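Worksheet: one structure, shown below.
The values are calculated or read from the model by the stated rules, or taken from the named source; none is laboratory data. Since the model is a prediction, treat every value here as computed from it, not as a measurement. Ideal geometry is used to build each Cβ from the backbone, glycine not excepted, and the neighbour counts take in all protein chains shown. Surface areas here come from the heavy atoms of the whole protein model, side chains and all, with no ligands, DNA or RNA. Shrake-Rupley method; radii C 1.70, N 1.55, O 1.52, S 1.80 Å.
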Amino acid sequence: MRILIVEDEAKTADYLCSGLTEEGFVVDLARNGVDGLHLALEEEYDAIVLDVMLPQLDGWAVLSTLRARRQTPVIMLTASARIDDRVRGLSDGADDYLIKPFSFLELLARLRAILRRGRPQEATHLQVGDLHIDLIKRRVVRGKTRIDLTAQEFSLLTILVRRQGEIVSKAAIASQVWDINFDTNTNVVEVAIKRLRAKIDAPFSTCLLHNVRGMGYVIEDRSAENIL
Ligand code: CA
């Protein structure tokens with residue numbers, strides 16, 4: 001389970017990081033709202049612990065920008081016991097909140113509860129253009145043609161389709177598909193993209209997977225733009 005902590009106070013951050021690491025979580029830490037939002041959008045987390053009072057971008061702004069694109073469970077940390085803040089947090093899409101000071105055990109219990117709840121809103125099917133992915137059966141169909149993908153190709157495709165229309169960097173792909181930090185000397189991502197393209201695009205009249213030079217890859221149905 002991978003957790004992102006967004007907290008600027010060193011003491012609280014260290015306490016949370018070491019506690020959660022000891023409990024077996026993989027923990028990333030961001031010390032301001034901008035870094036926190038960037039990580040929350042670029043990486044895959046099972047849950048996010050988000051402080052409200054943060055430098056650069058506060059927790060509310062991080063939450064609302066995040067929610068426009070992702071449903072990662074969020075626990076807000078608030079120093080205020082004001083009911084307004086609690087109501088605001090939950091209505092803005094937080095899954096839970098804790099009022100500081102809180103005990104580590106309470107945080108752990110709340111975190112485990114939201115992780116158990118899972119993501120009921122998680123899609124079982126994804127679609128881009130005439131390409132359909134059944135996430136349960138792990139089956140890919142384009143038009144009426146069934147496409148057989150390796151486990152790695154399937155994972156690469158779903159990462160791109162979940163973020164269709166957005167440029168996904170090679171580094172983000174490398175870290176999510178292979179769990180490696182991107183090394184500029186490796187062309188592992190390019191090779192994988194090439195193989196995927198040969199299966200999902202080459203046999204068909206329109207391409208869905210596009211290169212964005214120097215930035216990464218985007219999957220989208222551009223035929224719709226021509227109609228408009
Ligand atoms: Ca703070």
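Things to note:
- Selection of segment 72-95 for residues being at pLDDT 70 or above, over 15 Å from residue 36 (Cα atoms) and polar (S, T, N, Q) yields only 78.
- Selection within segment 1-13: residues that are closer than 18 Å to residue 176 by Cα and open to solvent by 40 Å² or more (accessible area, probe 1.4 Å). The member of this set that is nearest to the ligand (Cβ to nearest atom) is 2.
- Check on residue 16, in contact (Cβ under 8 Å) with a residue 60 or more places away in the chain, open to solvent by less than 20 Å² (accessible area, probe 1.4 Å), within 16 Å of the ligand (Cβ to nearest atom) and assigned to a helix (DSSP H, G or I): yes
- Residue satisfying condition, being within 30 Å of residue 96 (Cβ to Cβ), at pLDDT 90 or above and of a type in the set (Lys, Arg), within set 116, 110: 110
- Only residues that are of a type in the set (Gly, Ala, Ser) and away from the ligand (no atom under 15 Å from the Cβ) were counted in segment 19-45, giving 3.
- Cβ pairs under 6 Å, 6+ apart, first in segment 92-111 and without any contact (Cβ under 8 Å) to a residue 40 or more places away in the chain, second open to solvent by 60 Å² or more (accessible area, probe 1.4 Å) and not polar (S, T, N, Q): 96/110; 97/86; 99/81
- Selection of segment 19-34 for residues being open to solvent by 70 Å² or more (accessible area, probe 1.4 Å) and charged (D, E, K, R) yields 22, 23, 31.
- Residue within segment 35-49 that is open to solvent by 20 Å² or more (accessible area, probe 1.4 Å), touching an Asp or Glu at 6+ places or on another chain (Cβ under 9 Å), assigned to a loop (DSSP other than H, G, I, E, B) and at pLDDT 95 or above present: no
- Any hit, segment 46-59, residues being away from the ligand (no atom under 12 Å from the Cβ) and farther than 23 Å from residue 166 by Cα: no
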